Every structure is written in C-alpha cells, then in structure tokens.
Amino acid sequence: MTRTVITVGPFTPAKEAAEVLVTNGFTTLPVVDADGLLVGVVTEADLLTGRIGID
C-alpha cells in the first residue's frame, strides 16, 4: 500500500506549516527540497516554543 506523504518545503511560511499540522492532526512534518529529498522536519514544539516565528 502506498500513501501520499504530506510535506512542506524549506520556504513554506511557518504559519502555513502550522495550519498543515493542525488540519491533519500531525505533530511533525517532513521538510523536502525541490527534488523531494528530506532536508529536515518542523515540529509542533518548534512552533510552540518560538523556535520558528509565526507572523
């Protein structure tokens, strides 16, 4: 079985990433580059602790 993985890009605004987390009930999102390669993750904790600012 193959599932579609929900990801964000490295230039996705923090507010948009937060909306994706909330909408899907996730606590972590993979961050992928233009080639679909994993370059990091953004977590709910990153947003809540202010490590990533939401404007």
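Number of residues in the range 16-55 that are farther than 13 Å from residue 6 by Cα, outside any strand (DSSP E or B) and of a type in the set (Ser, Thr, Tyr) equals 1.
Collect the residues in the range 37-55 that are modelled with pLDDT under 95 and either charged (D, E, K, R) or over 13 Å from residue 15 (Cα atoms) (or both), keeping them in residue-number order. Result: 44, 45, 46, 49, 51, 55.
Among the residues of the range 2-25, those identified as open to solvent by less than 90 Å² (accessible area, probe 1.4 Å), out of contact with any helix residue (DSSP H, G or I) (no Cβ under 7 Å at 6 or more places or on another chain) and on the phi < 0 side of the Ramachandran plot are 7, 9, 10, 12, 13, 17, 20, 24. Per the conditions (1) of a type outside the set (Lys, Arg); (2) in contact with a Leu (Cβ under 9 Å, 6 or more places away or on another chain); (3) open to solvent by less than 70 Å² (accessible area, probe 1.4 Å), the sole criterion not satisfied by residue 41 is (3).
Only one of the listed residues (46, 35) is surrounded by 14 or more Cβ atoms within 10 Å (Cβ to Cβ) and among the acidic types (Asp, Glu). That residue is 46.
The values are calculated or read from the model by the stated rules, or taken from the named source; none is laboratory data. All values derive from a computational prediction rather than experimental measurement. Cβ: placed from backbone, ideal geometry, glycine included. Neighbour counts: every protein chain shown. Keep in mind that these areas ignore ligands, DNA and RNA; they rest on the heavy atoms of the full protein, side chains included. Shrake-Rupley method; radii C 1.70, N 1.55, O 1.52, S 1.80 Å.
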